[in-house]
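Enquirer: My questions all concern the structure below.
The values are calculated or read from the model by the stated rules, or taken from the named source; none is laboratory data. Just so we're clear, the structure is a prediction, and the values are computed from it rather than from any experiment. Cβ: placed from backbone, ideal geometry, glycine included. Neighbour counts: every protein chain shown.
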């Protein structure tokens with residue numbers, strides 16, 4: 001443990017420090033409550049041994065301020081004082097202290113109190129480790145809820161939430177918002193020809209290519225479902241969205257993933273539909289429906305192409 005000793009008496013500090021170091025713990029010394037409060041703004045010892053009667057702010061007031069600074073980061077504080085009456089004890093506990101040792105210091109009693117704090121310290125360390133593990137687990141489940149496990153792209157839920165948010169912003173700021181909906185041509189044939197594992201590999205390659213095209217921080221590339229992918233493009237007009245869709249189509253064709261089941265290309269290809277909000281839609285879902293209509297037009301006109309709506 002690291003123990004902070006706060007006492008205006010150097011003799012007391014040295015005595016307490018000797019008892020603590022004998023138990024293989026490290027110590028930090030402060031001469032006043034003011035110094036201790038300042039120290040605690042950027043440090044977190046495992047235990048504080050706090051004198052009560054000191055110049056400036058006393059131990060009770062210093063403890064109150066420290067508890068406010070550290071918030072939920074709890075650690076024990078033991079008061080050292082010649083005042084051992086019931087009222088002083090009550091005041092100390094209510095100030096945020098956890099134990100009381102009378103001066104003059106009796107070394108063995110002090111060491112036994114430290115031993116008791118060691119058990120609390122170990123429990124606190126286990127709690128911190130458990131909290132850290134919980135944060136990692138929560139982050140894992142957050143990613144699973146918002147990102148597609150196979151491709152790493154944003155998933156449908158993420159798409160819906162982002163589109164709703166960006167639509168409100170576009171409507172408020174009177175700016176365009178574009179959606180691009182893409183579909184891998186004849187992907188069922190690809191799965192039938194090469195198997196589902198090869199299909200998953202293909203989806204991963206396409207997703208990686210798509211993620212590289214959405215270069216602006218606000219742009220979002222998503223796996224919409226199955227072999228469908230989407231882009232949400234804030235502050236992007238129809239021409240800009242069409243250009244991005246054409247770039248996406250070219251990038252995917254450039255992967256040169258063999259597709260013997262396709263009737264339009266020897267390689268994997270994309271059909272895409274583009275729609276842009278300029279004040280005419282009531283919500284984000286309406287933009288997506290318009291992009292979907294444009295996608296069907298692209299398929300009807302021969303696939304491996306981009307259509308706008």
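Enquirer: From the residues in region 187-208 that are under 30 Å from residue 234 (Cα atoms) and crowded, with 18+ Cβ neighbours inside 10 Å, which one is farthest from the chain's Cα centre (by Cα)?
Expert: 187
Enquirer: Can you tell me which residue among 286, 291 is touching a strand residue (DSSP E or B) at 6+ places or on another chain (Cβ under 9 Å), in contact (Cβ under 8 Å) with a residue 40 or more places away in the chain and in the same structural domain as residue 234 (by TED's automatic domain parsing)?
Expert: Of the residues listed, the single one that is touching a strand residue (DSSP E or B) at 6+ places or on another chain (Cβ under 9 Å), in contact (Cβ under 8 Å) with a residue 40 or more places away in the chain and in the same structural domain as residue 234 (by TED's automatic domain parsing) is 291.
Enquirer: Of everything in region 275-308, what is in a helix (DSSP H, G or I) and over 13 Å from residue 230 (Cβ atoms)? Give them in sequence order.
Expert: Those that are in a helix (DSSP H, G or I) and over 13 Å from residue 230 (Cβ atoms): 286, 293, 296, 297, 298, 299, 300.
Enquirer: Working only within region 219-253, note down all residues that are crowded, with 21+ Cβ neighbours inside 10 Å, free of Cβ contacts under 8 Å to residues at least 60 places away in the same chain and part of a loop (DSSP other than H, G, I, E, B).
Expert: Passing the criteria: only 227.
Enquirer: Does residue 126 satisfy the condition of being outside the structural domain of residue 297 (by TED's automatic domain parsing), in a helix (DSSP H, G or I), more than 25 Å from residue 247 (Cβ to Cβ) and touching a residue at least 40 places away in the same chain (Cβ under 8 Å)?
Expert: Answer is no for this residue.
Enquirer: Would you point out the residue of region 189-218, among those that are within 21 Å of residue 249 (Cβ to Cβ) and not in a helix (DSSP H, G or I), that is modelled with the highest pLDDT?
Expert: The qualifying residue modelled with the highest pLDDT is 216.
Enquirer: Here's something else I'd like to know. Given the condition surrounded by 15 or more Cβ atoms within 10 Å (Cβ to Cβ) and without any contact (Cβ under 8 Å) to a residue 12 or more places away in the chain, answer yes or no: does some residue in region 74-91 qualify?
Expert: The answer is yes; a qualifying residue exists.
Enquirer: Could you tell me which numbered condition residue 256 fails, if it satisfies all but one of (1) in contact (Cβ under 8 Å) with a residue 60 or more places away in the chain; (2) exposed (fewer than 15 other Cβ atoms within 10 Å of the Cβ)?
Expert: Here residue 256 meets the rest and fails (1).
Enquirer: From the list 142, 109, which one is surrounded by 10 or more Cβ atoms within 10 Å (Cβ to Cβ), at pLDDT below 85 and either under 20 Å from the mean Cα position of the chain (by Cα) or within 20 Å of residue 23 (Cβ to Cβ) (or both)?
Expert: Exactly one of 142, 109 is surrounded by 10 or more Cβ atoms within 10 Å (Cβ to Cβ), at pLDDT below 85 and either under 20 Å from the mean Cα position of the chain (by Cα) or within 20 Å of residue 23 (Cβ to Cβ) (or both), namely 142.
Enquirer: Would it be correct to say that residue 75 is touching a strand residue (DSSP E or B) at 6+ places or on another chain (Cβ under 9 Å) and at pLDDT below 90?
Expert: yes
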